[in-house]
Amino acid sequence: MYGVGDIVHLTGKISSRTGTSAYTLNLLQPDGKVITTNLALNNGLFSWNYTVPSQATFNTASTITTNRAASSSGTSQTSLYGIYSITINSANGNSQLFFQVSPNPQNQTTISPFTIETDKTAYMSTDVLNIFGQALPQPNAASQAINNQVQVSIYTQTGEQIYSGFANLNQGGQFNVLVPMQPGVWTTGNYRVYAQYLTNNARTTFQVTDSFTVSSGKPQLFMGTDHVQYLPGQAVLITGRTSSIISINNAYLTFGLTNDTVISEGQVASQKGYTLKHAHSIF
């Protein structure tokens with residue numbers, strides 16, 4: 001078990017009976033990248049050092065769909081933490097061993113063959129849930145190609161299944177799945193995530209807060225801008241929500257000067273008599 005900035009020191013001995021002088025070391029990283037090194041032998045002995053980077057580099061996730069009824073797979077969450085595989089190859093065979101890089105190596109003494117996490121422990125019902133983890137890399141490419149999916153299921157605190165899907169493993173054994181939430185469906189409470197890969201199982205939990213309510217009363221609209229004042233040419237970001245879940249998917253925004261607008265039969269006009277243009281927005 002190692003942490004960021006640590007040095008992995010590998011030593012070994014090759015039997016003189018092999019009659020082979022050329023050996024190759026492949027380091028398979030959690031993000032699927034492979035580092036290849038030729039091992040130099042000295043009287044049958046070899047050594048190799050690898051320095052764990054001093055900080056993690058995070059990949060961008062796949063495009064998140066605006067269709068909250070769907071889910072999509074993304075790239076690996078991180079290219080640093082996880083299980084690393086060392087394989088030494090020669091014409092007569094190969095040998096494989098593993099080590100793991102952890103954000104808390106002092107509290108973790110053994111390699112976890114299968115892990116699952118969420119990017120946060122608490123979400124709003126309008127968020128996108130990011131689930132990621134890693135399975136122990138398969139010993140060869142053929143096994144990895146056949147067994148390349150993790151089953152992911154999410155249950156409510158009352159035991160109802162709210163999501164079920166599959167996530168693809170990359171070459172390094174990492175997986176990532178994005179689940180867009182939907183107000184009214186993802187209600188306030190605790191949720192459990194279960195994952196299964198071959199005979200391995202893992203689980204984690206998270207919380208959801210749903211600030212929306214299902215009501216037949218008169219809905220209210222809440223809006224806000226990212227700034228109070230702007231300069232000419234700047235973009236104005238407007239965000240908002242309704243007080244309850246409604247079946248309307250579109251909203252129309254109209255911009256006018258303060259104290260110079262008149263609203264009549266759904267039309268917004270200036271007091272000078274001309275109709276103000278509106279912009280189309282999608283919930």
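The values are calculated or read from the model by the stated rules, or taken from the named source; none is laboratory data. From a predicted model like this one, the values you see are computed outputs, not experimental measurements. Cβ sites come from the backbone with ideal geometry, for glycine too, and all protein chains shown count toward neighbours.
Residues checked against (1) crowded, with 18+ Cβ neighbours inside 10 Å; (2) farther than 18 Å from Leu80 by Cβ; (3) in the same structural domain as Lys33 (by TED's automatic domain parsing):
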{"position": "Val101", "(1), (2), (3)": "yes, no, yes"}
{"position": "Asn104", "(1), (2), (3)": "no, no, yes"}
{"position": "Asp119", "(1), (2), (3)": "no, no, yes"}
{"position": "Gln149", "(1), (2), (3)": "no, yes, yes"}
{"position": "Ser153", "(1), (2), (3)": "no, yes, yes"}
{"position": "Gln171", "(1), (2), (3)": "yes, no, yes"}
{"position": "Asn176", "(1), (2), (3)": "yes, no, yes"}
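Whether any residue in region 74-96 is surrounded by fewer than 14 Cβ atoms within 10 Å (Cβ to Cβ), modelled with pLDDT of 80 or more and more than 26 Å from the chain's Cα centre (by Cα) is what I want to check. The answer is yes, given that some residue of region 74-96 is surrounded by fewer than 14 Cβ atoms within 10 Å (Cβ to Cβ), modelled with pLDDT of 80 or more and more than 26 Å from the chain's Cα centre (by Cα). Modelled with pLDDT of 90 or more and farther than 12 Å from Ala135 by Cα: is that true of Val179 in this structure? Judged against the criteria, Val179 is a match. If you go through region 154-173 and keep only what is assigned to a strand (DSSP E or B) and under 18 Å from Gln134 (Cβ atoms), you end up with Gly165, Phe166, Ala167, Asn168.
In region 226-234 there is no residue matching the filter, namely being out of contact with any Cys (no Cβ under 6 Å at 6 or more places or on another chain), surrounded by 13 or more Cβ atoms within 10 Å (Cβ to Cβ), within 30 Å of Asn130 (Cβ to Cβ) and at pLDDT 80 or above.
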